[in-house]
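These notes are about the structure you will find just below.
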Amino acid sequence: MKPSPSTVFEQEHVRVRRLLEFLHKTVERLHSGDGVRSDELNEILELVHQYVDRYHHAREDSLFDVLQALGAESKGVPLARLGQEHDRLRSMIGVARSHVEDAARGDGGAIATLEHVVREYCSLSRSHLDEEERSVFPFAERCLEGKGLEELEAALAADEAARGEGWLEDLVRRQERLEELS
Ligand SMILES: [Fe+2]
Ligand SMILES: [Fe+2]
(Lines give C-alpha, C1' and ligand atoms only; values in the text may rest on other atoms or scores of the structure.)
(Ligands and ions follow the chains in the order given, each with its own letter.)
Protein backbone atom coordinates (compact mmCIF):
# COMPACT_ATOMS: atom_id res chain seq x y z
CA MET A 1 0.00 0.00 0.00
CA LYS A 2 1.19 3.49 -0.85
CA PRO A 3 2.37 5.48 2.22
CA SER A 4 0.31 8.53 3.17
CA PRO A 5 1.74 12.01 2.37
CA SER A 6 2.40 12.66 6.06
CA THR A 7 4.44 9.44 6.30
CA VAL A 8 6.47 10.49 3.25
CA PHE A 9 7.08 13.99 4.67
CA GLU A 10 8.13 12.52 8.01
CA GLN A 11 10.63 10.29 6.18
CA GLU A 12 12.01 13.40 4.46
CA HIS A 13 12.48 14.95 7.91
CA VAL A 14 14.86 12.11 8.80
CA ARG A 15 17.12 13.14 5.89
CA VAL A 16 16.75 16.84 6.75
CA ARG A 17 17.89 16.10 10.34
CA ARG A 18 20.91 14.20 9.04
CA LEU A 19 21.85 17.15 6.84
CA LEU A 20 21.47 19.56 9.78
CA GLU A 21 23.68 17.39 11.96
CA PHE A 22 26.33 17.23 9.26
CA LEU A 23 26.16 20.99 8.62
CA HIS A 24 26.48 21.67 12.34
CA LYS A 25 29.52 19.36 12.68
CA THR A 26 31.24 20.95 9.68
CA VAL A 27 30.86 24.42 11.16
CA GLU A 28 32.06 23.16 14.57
CA ARG A 29 35.26 22.00 12.85
CA LEU A 30 35.67 25.47 11.37
CA HIS A 31 35.22 26.96 14.85
CA SER A 32 37.85 24.69 16.40
CA GLY A 33 40.37 25.80 13.75
CA ASP A 34 40.53 22.42 11.99
CA GLY A 35 40.59 24.14 8.62
CA VAL A 36 37.55 23.30 6.52
CA ARG A 37 37.96 23.69 2.77
CA SER A 38 35.62 26.03 0.91
CA ASP A 39 34.54 23.21 -1.43
CA GLU A 40 33.40 21.12 1.59
CA LEU A 41 31.43 24.05 3.00
CA ASN A 42 29.95 24.90 -0.38
CA GLU A 43 28.91 21.30 -0.97
CA ILE A 44 27.06 20.88 2.34
CA LEU A 45 25.34 24.28 2.00
CA GLU A 46 24.41 23.43 -1.60
CA LEU A 47 22.96 20.07 -0.51
CA VAL A 48 20.94 21.76 2.25
CA HIS A 49 19.69 24.37 -0.23
CA GLN A 50 18.72 21.76 -2.82
CA TYR A 51 17.19 19.15 -0.53
CA VAL A 52 15.59 21.36 2.10
CA ASP A 53 14.64 24.52 0.17
CA ARG A 54 14.11 23.31 -3.36
CA TYR A 55 12.74 19.85 -2.60
CA HIS A 56 11.27 19.41 0.87
CA HIS A 57 9.94 22.91 1.52
CA ALA A 58 8.65 23.32 -2.04
CA ARG A 59 6.68 20.08 -1.62
CA GLU A 60 5.42 21.18 1.78
CA ASP A 61 4.24 24.48 0.30
CA SER A 62 1.94 22.39 -1.93
CA LEU A 63 0.78 20.45 1.14
CA PHE A 64 0.12 23.71 3.04
CA ASP A 65 -2.01 25.06 0.15
CA VAL A 66 -4.20 21.97 0.24
CA LEU A 67 -4.48 21.97 4.04
CA GLN A 68 -5.28 25.69 4.01
CA ALA A 69 -8.27 24.94 1.79
CA LEU A 70 -9.36 22.35 4.38
CA GLY A 71 -9.41 25.01 7.11
CA ALA A 72 -6.25 23.89 8.95
CA GLU A 73 -5.29 27.41 10.10
CA SER A 74 -8.63 27.94 11.84
CA LYS A 75 -8.10 24.62 13.64
CA GLY A 76 -4.80 25.80 15.12
CA VAL A 77 -2.28 24.60 12.53
CA PRO A 78 0.06 27.61 12.03
CA LEU A 79 0.52 27.21 8.26
CA ALA A 80 1.18 30.90 7.55
CA ARG A 81 4.00 31.12 10.09
CA LEU A 82 5.55 27.83 8.99
CA GLY A 83 5.40 28.99 5.35
CA GLN A 84 7.18 32.23 6.37
CA GLU A 85 9.81 30.15 8.13
CA HIS A 86 10.53 28.37 4.81
CA ASP A 87 11.39 31.80 3.33
CA ARG A 88 13.44 32.77 6.36
CA LEU A 89 15.42 29.53 6.35
CA ARG A 90 16.12 29.90 2.61
CA SER A 91 17.52 33.40 3.06
CA MET A 92 19.73 32.26 5.99
CA ILE A 93 21.38 29.69 3.73
CA GLY A 94 22.01 32.49 1.22
CA VAL A 95 23.77 34.55 3.93
CA ALA A 96 25.84 31.54 5.04
CA ARG A 97 26.93 30.83 1.46
CA SER A 98 28.07 34.41 0.95
CA HIS A 99 30.64 34.02 3.78
CA VAL A 100 32.14 30.67 2.76
CA GLU A 101 35.17 31.85 0.78
CA ASP A 102 36.34 34.33 3.44
CA ALA A 103 35.66 31.88 6.29
CA ALA A 104 37.63 29.09 4.58
CA ARG A 105 40.55 31.55 4.22
CA GLY A 106 40.51 32.00 8.00
CA ASP A 107 38.85 35.44 8.21
CA GLY A 108 37.66 35.67 11.85
CA GLY A 109 34.66 37.92 11.13
CA ALA A 110 33.41 35.65 8.33
CA ILE A 111 33.87 32.52 10.50
CA ALA A 112 31.90 34.15 13.35
CA THR A 113 29.07 35.21 11.02
CA LEU A 114 28.90 31.84 9.30
CA GLU A 115 28.86 30.03 12.64
CA HIS A 116 26.16 32.30 14.01
CA VAL A 117 23.92 31.92 10.94
CA VAL A 118 24.35 28.14 10.83
CA ARG A 119 23.57 27.76 14.55
CA GLU A 120 20.43 29.89 14.12
CA TYR A 121 19.51 27.92 11.03
CA CYS A 122 19.86 24.55 12.77
CA SER A 123 17.93 25.73 15.80
CA LEU A 124 15.04 27.24 13.81
CA SER A 125 14.96 24.21 11.49
CA ARG A 126 14.71 21.77 14.38
CA SER A 127 11.84 23.62 16.04
CA HIS A 128 10.16 23.95 12.62
CA LEU A 129 10.42 20.18 11.99
CA ASP A 130 9.14 19.40 15.49
CA GLU A 131 6.15 21.69 15.04
CA GLU A 132 5.23 20.17 11.69
CA GLU A 133 5.42 16.70 13.20
CA ARG A 134 3.23 17.82 16.11
CA SER A 135 0.57 19.74 14.21
CA VAL A 136 0.71 19.69 10.38
CA PHE A 137 1.26 15.99 9.72
CA PRO A 138 -1.33 14.72 12.22
CA PHE A 139 -3.88 17.14 10.69
CA ALA A 140 -3.00 15.86 7.19
CA GLU A 141 -3.30 12.27 8.41
CA ARG A 142 -6.79 12.98 9.80
CA CYS A 143 -8.22 15.23 7.09
CA LEU A 144 -6.45 14.69 3.78
CA GLU A 145 -8.52 12.51 1.47
CA GLY A 146 -10.54 12.63 -1.75
CA LYS A 147 -10.15 15.78 -3.83
CA GLY A 148 -7.56 17.41 -1.55
CA LEU A 149 -5.36 14.31 -1.69
CA GLU A 150 -5.68 14.16 -5.48
CA GLU A 151 -4.71 17.83 -5.76
CA LEU A 152 -1.64 17.31 -3.61
CA GLU A 153 -0.57 14.22 -5.55
CA ALA A 154 -0.94 16.13 -8.84
CA ALA A 155 1.14 19.06 -7.50
CA LEU A 156 3.88 16.72 -6.23
CA ALA A 157 3.95 14.83 -9.54
CA ALA A 158 4.28 18.12 -11.50
CA ASP A 159 7.08 19.21 -9.19
CA GLU A 160 8.91 15.92 -9.70
CA ALA A 161 8.52 16.11 -13.48
CA ALA A 162 9.91 19.68 -13.48
CA ARG A 163 13.07 18.57 -11.66
CA GLY A 164 13.65 15.70 -14.06
CA GLU A 165 14.56 12.05 -13.65
CA GLY A 166 17.41 11.18 -11.32
CA TRP A 167 17.56 14.61 -9.65
CA LEU A 168 16.72 13.37 -6.17
CA GLU A 169 18.81 10.19 -6.47
CA ASP A 170 21.84 12.27 -7.45
CA LEU A 171 21.35 14.52 -4.41
CA VAL A 172 21.08 11.54 -2.06
CA ARG A 173 24.26 10.02 -3.55
CA ARG A 174 26.11 13.32 -3.02
CA GLN A 175 24.98 13.46 0.61
CA GLU A 176 26.08 9.89 1.26
CA ARG A 177 29.46 10.47 -0.38
CA LEU A 178 30.05 13.57 1.72
CA GLU A 179 29.18 11.69 4.93
CA GLU A 180 31.51 8.82 3.97
CA LEU A 181 34.41 11.18 3.30
CA SER A 182 34.08 13.02 6.60
FE1 LIG B 1 8.53 22.98 6.61
FE1 LIG C 1 9.11 19.79 6.95
- Residue list for the stretch 118-151, filter: in contact (Cβ under 8 Å) with a residue 24 or more places away in the chain, away from ligand 2 (no atom under 14 Å from the Cβ) and either over 19 Å from the mean Cα position of the chain (by Cα) or at positive phi (or both): Glu141, Cys143, Leu144, Gly148, Leu149, Glu151
- Query: Does Ser6 fit the bill of being over 17 Å from Leu149 (Cβ atoms) and either among the hydroxyl-bearing types (Ser, Thr, Tyr) or within 13 Å of ligand 1 (Cβ to nearest atom) (or both)?
  - Reply: no
- Query: at pLDDT below 95, over 19 Å from the mean Cα position of the chain (by Cα) and closer than 30 Å to Gly166 by Cα, is that true of Val66?
  - Reply: no
- Message: Test of understanding: among Arg119, Arg134, Arg126, which residue is more than 22 Å from Pro78 (Cβ to Cβ) and either touching a Phe, Trp or Tyr at 6+ places or on another chain (Cβ under 7 Å) or of a type in the set (Lys, Arg) (or both)?
- Response: Arg119
- Given the conditions (1) touching an Asp or Glu at 6+ places or on another chain (Cβ under 9 Å); (2) surrounded by fewer than 16 Cβ atoms within 10 Å (Cβ to Cβ); (3) small (Gly, Ala, Ser), every one holds for Ala155 apart from (2)
- Task: Working carefully through the options Leu149, Leu129, Leu168, find the one that is touching a helix residue (DSSP H, G or I) at 6+ places or on another chain (Cβ under 8 Å) and exposed (fewer than 15 other Cβ atoms within 10 Å of the Cβ).
- Result: Leu168
- Kindly indicate the residue of the stretch 42-53 that is farther than 15 Å from Leu114 by Cβ and in contact with a Lys or Arg (Cβ under 8 Å, 6 or more places away or on another chain) and also farthest from ligand 2 (Cβ to nearest atom) among those meeting that condition. Leu47
- Query: In the stretch 8-36, which residue that is part of a helix (DSSP H, G or I) and free of Cβ contacts under 8 Å to residues at least 12 places away in the same chain is farthest from ligand 2 (Cβ to nearest atom)?
  - Reply: Arg29
- Determine whether the stretch 81-99 contains at least one residue that is acidic (Asp, Glu), surrounded by 13 or more Cβ atoms within 10 Å (Cβ to Cβ), within 16 Å of ligand 2 (Cβ to nearest atom) and at pLDDT 95 or above. yes
- Query: For the stretch 9-32, how many residues are among the acidic types (Asp, Glu) and within 16 Å of ligand 1 (Cβ to nearest atom)?
  - Reply: 2
- Task: Look through Asp39, Asp102, Asp107, Asp65 and report the one residue that is surrounded by fewer than 19 Cβ atoms within 10 Å (Cβ to Cβ) and within 16 Å of ligand 2 (Cβ to nearest atom).
- Result: Asp65
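The values are calculated or read from the model by the stated rules, or taken from the named source; none is laboratory data. Since we're looking at a predicted model, the values are computed, not measured. Reconstructed Cβ throughout: ideal geometry from the backbone, glycine too, with neighbour counts over all protein chains shown.
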